[in-house]
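This report refers to the structure that appears directly beneath it.
The values are calculated or read from the model by the stated rules, or taken from the named source; none is laboratory data. Bear in mind that the values here come from a model prediction, so they are computed numbers and not experimental data. All Cβ positions, glycine included, derive from the backbone under ideal geometry; neighbour counts span all protein chains shown. Quick note on the areas: whole protein, heavy atoms, side chains included, nothing else; ligands and nucleic acids left out. Shrake-Rupley method; radii C 1.70, N 1.55, O 1.52, S 1.80 Å.
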Amino acid sequence: MGTHRSPLRRGALPAAGAALVLLGVTACSGGSSDSGDGPQTVTLWVASPTEAFSTALVDAYNKTHKNQVKVTGIPDDGFLQKIGTAAGARSLPDIVVSDVVYLPNYTSKGVFLDLTSRIKALPFASSVAPAHVQAGTWEGKQYAIPHKLASSVLFYNKDLFKKAGLDPEKPPANFEELLADAKKIRALGSDTYGYDFGGNCGGCTAYTMMPFMWAGGVDVLANQGKTANFDNDTVKQVFGLYKQLWDAGVMPANAQTQDGSTWANNFVSGHVGMMAQGSAIVGDLQKQTDFDWGVARIMSPDGSGTSTFVGGDAAAISATSEHADAAWDFLSWTLQEQQQVGIVAKNGDLPVRTDLAGNPNTAKDPRTKFIMDGVAKGKTPFALPFGQVFNDPTGPWIAMVRGAVFGANADDAVKKGQQAIQAALDNAQQ
């Protein structure tokens, strides 16, 4: 699935630094200052974990177009700061490829060009990953398109299910079954564990715990990210499941200290029965031949609902771009069927269009098709200070998670987390 720092999609890793602060950038109204009739050179910045993915599209475009796109990879841990500084100096590139969760922070400050009319004019507009489009919408205007998709599901090891006397074709459908299955797998002994998670990684836990909460009918970031909704029974049940898993000893010890850097290793190596994870590990799982694996939906406590976190990267044109038409020519080209099937899906990644879910490259592995089918109804959380609240290793989200799962008073941890997250959301609105 391309090269990346870990089997995890970048959006779920802890971000360095606090919330991005932009310095009074205002959007241009014209949308294009392309000059002359000659070929244009479009500049594109992308965080390093997604650079190889973007470069594959750019190379194909450059071979067949007079306009050229030039890619610059930015180290992941300095990406937010780099974009913020360039925005303040009005020196952004023509195209910014950003983690989708950071879009509200940019769109609310006028950093990107309004693409509403261009997006709506696409003949396949209604099938462009709805969660990404919604995340890039501010005050009714659309500013971004999906670039690279990632979706979270429950992965499980079919071989360990079989060894534990479980039906390998019947993954758990609710919390009671998940806990029971995890205990049976752990009973196999040695270094075999029932479940695993990134217990010291804010982004990892947001990426995989929020879908359990959404599946239970709770909008944890309601009112377009202005209202925190964590102090409720459903959220407590999610944390309660993880606490039971931890207290029962069915998780490996390093789950408590896992910062995301080697998050999926225990599962990919065949030592873990189940793990909520992102679709970015599919490539690694397909390459290994040691065990058979399956995928299931992330479910509500009683199994009546399911959900997924649609993460990944989105692409936008900077408001200060002088080559907006040329930039849009490239971006709209990336969305076309030929590229989505022949480049993106062929590489094992998810197409960004729901109408292409059944393409031959995705459908040849039913598990990949299953993941893709969930994207249509998936969610992307919307919050202005997402990095500060959820990805920051010292932020209030991971403090709440750790207090609820590893601490002695889960209710108190949730109450304090609710208050701290709401305060951060309020502060971001000022």
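Side notes on the structure shown:
- Subset of segment 123-139 (residues that are touching a residue at least 24 places away in the same chain (Cβ under 8 Å) and assigned to a loop (DSSP other than H, G, I, E, B)): PHE124, ALA129, GLY136
- Any hit, segment 255-277, residues being in contact with a Gly (Cβ under 6 Å, 6 or more places away or on another chain), part of a helix (DSSP H, G or I), crowded, with 19+ Cβ neighbours inside 10 Å and hydrophobic (A, V, I, L, M, F, W, C): yes
- Single residue of segment 220-245 satisfying the filter (assigned to a helix (DSSP H, G or I) and open to solvent by less than 10 Å² (accessible area, probe 1.4 Å)) that is farthest from ASP412 (Cα to Cα): GLY225
- In the condition set (1) hydrophobic (A, V, I, L, M, F, W, C); (2) open to solvent by 10 Å² or more (accessible area, probe 1.4 Å); (3) under 30 Å from THR116 (Cβ atoms), ALA248 is compliant with all but (3).
- Every pair of residues 6+ apart whose Cβ atoms lie under 7 Å, when the first sits in segment 217-244 and is within 25 Å of ALA173 (Cβ to Cβ) and without any contact (Cβ under 8 Å) to a residue 60 or more places away in the chain while the second is aromatic (Phe, Trp, Tyr) and open to solvent by less than 60 Å² (accessible area, probe 1.4 Å): none
- Some residue of segment 196-219 being among the acidic types (Asp, Glu), assigned to a loop (DSSP other than H, G, I, E, B), under 18 Å from VAL153 (Cα atoms) and at pLDDT 95 or above: yes
- Of the criteria (1) among the hydrophobic types (A, V, I, L, M, F, W, C); (2) more than 18 Å from ASN266 (Cα to Cα); (3) open to solvent by 30 Å² or more (accessible area, probe 1.4 Å), which one MET213 fails: (3)
- Applying the criterion of being open to solvent by 10 Å² or more (accessible area, probe 1.4 Å) and not in a loop (DSSP other than H, G, I, E, B) to the residues of segment 161-181, the residue that is nearest to PRO301 (Cα to Cα) is PHE175.
- For segment 306-336, the tally of residues that are under 26 Å from ASP365 (Cβ atoms) and surrounded by fewer than 18 Cβ atoms within 10 Å (Cβ to Cβ) stands at 1.
- Qualifying residue in segment 147-170 (condition: within 30 Å of SER54 (Cα to Cα) and among the polar types (S, T, N, Q)): yes
- Of the residues screened, ILE343 is not one that is touching a Leu at 6+ places or on another chain (Cβ under 8 Å), open to solvent by less than 20 Å² (accessible area, probe 1.4 Å) and among the aliphatic types (A, V, I, L, M).
- Residue that is farthest from THR137 (Cα to Cα) [pool: residues in segment 97-122 that are touching a residue at least 40 places away in the same chain (Cβ under 8 Å), of a type in the set (A, V, I, L, M, F, W, C) and outside any loop (DSSP other than H, G, I, E, B)]: VAL97
- Residue match in segment 377-385 (condition: hydrophobic (A, V, I, L, M, F, W, C), within 19 Å of the chain's Cα centre (by Cα), surrounded by 19 or more Cβ atoms within 10 Å (Cβ to Cβ) and part of a helix (DSSP H, G or I)): no
- Scope segment 182-192; condition at negative phi and either among the small types (Gly, Ala, Ser) or open to solvent by 50 Å² or more (accessible area, probe 1.4 Å) (or both); matching residues: ALA182, LYS183, LYS184, ARG186, ALA187, LEU188, ASP191
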